[in-house]
Amino acid sequence: MKHNGEPLLQKSYHIPLPLFDKAFRSFQKKYVYPRNIVLTIILAAIFAVYARSAFKEPDNTLVYVLLVICLAMILIIWYNPMKLRRSLMQSLKGLENDVYHLTLYEDGVTIGTEDAPDAEEPDSVETVESDIDSDAPVDFEDAEDLPADDDGFRPIFDGEEAKAAKKEPIPETELPFGAGLKIHEFDEFFMLYLVKHNFYVVPKKDFTDAEQTMLRDTLPMD
């Protein structure tokens with residue numbers, strides 16, 4: 001993508017693991033939980049219908065089986081996001097020293113990683129978001145070549161065995177402003193969500209007040 005004009009802002013930053021955890025929780029609250037609530041209401045209504053049938057026909061074994069299935073589905077709907085978050089945080093421990101670089105233009109933004117210090121990475125990690133209506137997530141370019149799941153979220157890691165060597169910087173990702181890019185501001189960070197691909201966390205702690213104001217004035221906030 002060819003940007004219009006010179007960069008308005010260039011900045012390097014680091015995302016602490018606790019901050020990423022908070023950002024991922026915010027992402028789930030905004031894009032996962034609303035759908036889960038709707039599904040839970042539907043399943044609860046179905047459960048109520050079957051419960052009434054069980055009251056009228058206490059000898060009907062099938063009704064009790066359907067009641068158990070409804071409860072199990074509700075539990076799975078809410079358990080999967082928690083399981084995913086724990087798995088993702090565990091996987092990201094080997095990447096928490098990465099340094100990211102943001103370049104802001106009038107019509108878009110680019111995000112990539114800089115050379116990271118030598119660090120031993122986990123042998124193999126793989127996470128797939130299977131419960132959101134949308135990552136991805138986060139600025140990990142290896143995910144973009146992998147197929148999305150039914151909910152449109154791509155695996156962050158491809159499961160390839162990692163080696164204890166200096167990591168290569170990830171090429172910059174270009175995020176043009178417009179359809180498909182949703183941007184939200186939270187107390188501690190900005191979230192740039194490329195729908196059905198990745199979401200990117202930009203922590204405010206590494207930006208001055210003037211730079212944060214520039215981001216607010218330039219980024220098309222939702």
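The values are calculated or read from the model by the stated rules, or taken from the named source; none is laboratory data. Here the structure is a predicted model, which is why all the values come from computation and not from measurement. Neighbour counts run over all protein chains shown; Cβ positions are idealised from the backbone, glycine included. Side chains included, ligands, DNA and RNA excluded: accessible areas come from the protein's heavy atoms. Shrake-Rupley method; radii C 1.70, N 1.55, O 1.52, S 1.80 Å.
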| request: Tally the residues that are over 17 Å from LEU19 (Cα atoms) and within 17 Å of the chain's Cα centre (by Cα), restricting the search to region 85-117. | output: 2
| field | Residues satisfying the stated conditions in region 19-47, i.e. over 18 Å from ILE183 (Cβ atoms) and in contact with a strand residue (DSSP E or B) (Cβ under 9 Å, 6 or more places away or on another chain) | value | none
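May I ask you to verify whether ALA72 is at pLDDT 95 or above, of a type in the set (Gly, Ala, Ser), more than 22 Å from the chain's Cα centre (by Cα) and over 30 Å from LYS204 (Cα atoms)? Outline the logic, then answer.
Values: at pLDDT 95 or above: yes; of a type in the set (Gly, Ala, Ser): yes; more than 22 Å from the chain's Cα centre (by Cα): yes; over 30 Å from LYS204 (Cα atoms): yes.
Answer is yes for this residue.
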| request: Please determine, by comparing only the residues of region 186-218 that are open to solvent by 70 Å² or more (accessible area, probe 1.4 Å) and over 15 Å from LEU102 (Cα atoms), which one is modelled with the lowest pLDDT. | output: LYS196
| request: Output the number of residues of region 182-209 satisfying the condition of being under 13 Å from the mean Cα position of the chain (by Cα) and of a type in the set (Ser, Thr, Tyr). | output: 2
